[in-house]
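The values are calculated or read from the model by the stated rules, or taken from the named source; none is laboratory data. Here the structure is a predicted model, which means the values were calculated and not measured. For neighbour counting, all protein chains shown are included, and Cβ atoms are generated from backbone atoms with ideal geometry for every residue, glycine included.
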Amino acid sequence: MTLEAFADTIIPGQKRYVDDHAIAGVECDGGAVAAGAVELLEHPAGGIAPALDTIVVELNEYAESWAHDHNVSLDGGLPAFVALTFEGRSAVVQELTDPAHPEKQMWVGAALFCNMAFDSAAHLSTAEALSASHPGLTAMRFDRPDPDGLWRYTDFSYGRQLANPHPNTTATGSPS
């Protein structure tokens, strides 16, 4: 729940259900959580998964300290970071990612994973993400592949062809 609340603070999204405490619900579309941020954070290839338990403990400790310093009462039935309002969560994340914070690299790294999940669906194949209406790729209007699963673009991004394909390029676009 704490990791979901962190991801939702980085890229907010819509609540999944009425009593969803992790998602603040400040947006009406899917955010980082719906995009799979927690799955990406937990993916072994990212290298951050072994530190997640520590990240959760520290994030809740920072949230408790922030709440104490700002005279904010927390719901004791929830993890401290989850119990904060969206504004409180944002303030904690802003402090943790401040250039002067001694652990900035860890918090910025965790935030980058949340962005990667939303911006590129790094934990999924692009075709799979698009077929599941991935919220980030959908928001960016990422083009869907042709029926055969390949992307082909008839328009050149610079408005003109910059180079001719190599003569040994196959019909599927692979160099020989």
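Taking the options Gly46, Gly25, Gly31, name whichever one is crowded, with 20+ Cβ neighbours inside 10 Å and under 28 Å from Ala139 (Cα atoms). Selected residue: Gly31, the only one of Gly46, Gly25, Gly31 that is crowded, with 20+ Cβ neighbours inside 10 Å and under 28 Å from Ala139 (Cα atoms). Looking across Trp107, Trp151, one residue alone is touching a helix residue (DSSP H, G or I) at 6+ places or on another chain (Cβ under 7 Å) and either touching a residue at least 60 places away in the same chain (Cβ under 8 Å) or closer than 29 Å to Asp29 by Cα (or both). It is Trp107.
Quick check on segment 49-88: of everything there that is in contact with an Asp or Glu (Cβ under 9 Å, 6 or more places away or on another chain) and not aliphatic (A, V, I, L, M), which residue is surrounded by the fewest Cβ atoms within 10 Å (Cβ to Cβ)? That would be Phe86.
All told, Thr138 falls short of being farther than 24 Å from Gly46 by Cα and either among the β-branched types (Val, Ile, Thr) or in contact (Cβ under 8 Å) with a residue 12 or more places away in the chain (or both).
Out of segment 141-176, which residues are among the basic types (Lys, Arg) and either exposed (fewer than 10 other Cβ atoms within 10 Å of the Cβ) or at pLDDT below 80 (or both)? If the condition is that a residue be among the basic types (Lys, Arg) and either exposed (fewer than 10 other Cβ atoms within 10 Å of the Cβ) or at pLDDT below 80 (or both), then Arg141, Arg152, Arg160 are the ones that fit. One residue is enough: does segment 82-97 have a residue meeting the conditions among the hydroxyl-bearing types (Ser, Thr, Tyr), closer than 23 Å to Gly13 by Cβ and either touching a strand residue (DSSP E or B) at 6+ places or on another chain (Cβ under 8 Å) or in contact (Cβ under 8 Å) with a residue 40 or more places away in the chain (or both)? Within segment 82-97, one or more residues are among the hydroxyl-bearing types (Ser, Thr, Tyr), closer than 23 Å to Gly13 by Cβ and either touching a strand residue (DSSP E or B) at 6+ places or on another chain (Cβ under 8 Å) or in contact (Cβ under 8 Å) with a residue 40 or more places away in the chain (or both).
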